[in-house]
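What follows is a short report on a single structure.
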Amino acid sequence: MANVSKAAKAQLLTDHDYNLTALREACEEEEIEAMEEENRKMSHNHTPLPSPNPKKMKSKNQDVGKQPGEITNETILDAIQTLIKRFDEQDDRLKAFESRMEANTQAVRENKEEISKVKEEMLLLKKENASLKQICLEQARYKRRWDLRLMGLPEKDKEDTRETVIGILTRVIPVSVEKLRESVDTVHRLGKKNDAATNRMPRPVIIQFALRTVRDEVWRRSREARVCREMNIQFKEDFSKEDREARAKLWPK
């Protein structure tokens, strides 16, 4: 076909046109139209397809070449966004923590102020307590100046301690029984009757005088009173517990 001359090609075209003319004369008009329609369909079916988009092919090739687990820009971007989100959450938590710390700091400051006030009040109360205690001691000490203790007086069942003591006092000072009954207020023993600590010796007797002068006279004369030696009894001053402890330290036995 490549060696066919131009004259031969022209002859072929001429023959082709002749054949078409002869075909038209031999066939009917409807048959010719049907053949031309079929020829057009065949030429349409053999129309070449357009070439694929090179960009899409490149994208598909890239996707096909992508390995599982490979780090891409999208993966990095997702990781960055995740970190940013976490940082934002941490910032919110830190802000909330700072707010709580400020509240706690304020509460601690207020508590310190309250504690300081309470300490000051406590110091004042301690001073007042010490002062009141001293006042009570002084009052008790002053009241005890009207009292005397009688030591060594034997106990008897159903005894009348007051009348027994008044009888002894009449032998200590030269005063009538009636005057002593007016001068002596109350007389009673100290401690429980069946106390094991006092079973070996009689319980002491406390004598409360109504007149301080009579008490002082009894105290002064009792040291040389004959009745005290005969009955083996002794009058003592009525000191408070604190005074007794202080005197025991100054004059130990």
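Per-structure values
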| item | result |
| --- | --- |
| Matching option when the condition is within 30 Å of residue 203 (Cβ to Cβ) and within 42 Å of the chain's Cα centre (by Cα), among 133, 117, 112, 126 | 133 |
| Residue, farthest from the chain's Cα centre (by Cα), within region 223-238, restricted to residues that are within 20 Å of residue 155 (Cβ to Cβ) and acidic (Asp, Glu) | 230 |
| Any hit, region 122-134, residues being of a type outside the set (D, E, K, R), surrounded by 10 or more Cβ atoms within 10 Å (Cβ to Cβ) and more than 27 Å from residue 243 (Cα to Cα) | yes |
| Hits in region 99-149 (condition: touching a residue at least 12 places away in the same chain (Cβ under 8 Å) and either among the small types (Gly, Ala, Ser) or part of a helix (DSSP H, G or I) (or both)) | 137, 140, 141, 144, 145, 146 |
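None of the figures in this text is laboratory data; all of them are computed from the coordinates on show. No experiment lies behind these values; they were computed from the predicted model shown. Methodologically, a virtual Cβ is constructed for each residue, glycine included, from the backbone with ideal geometry; neighbour enumeration extends over all protein chains shown.
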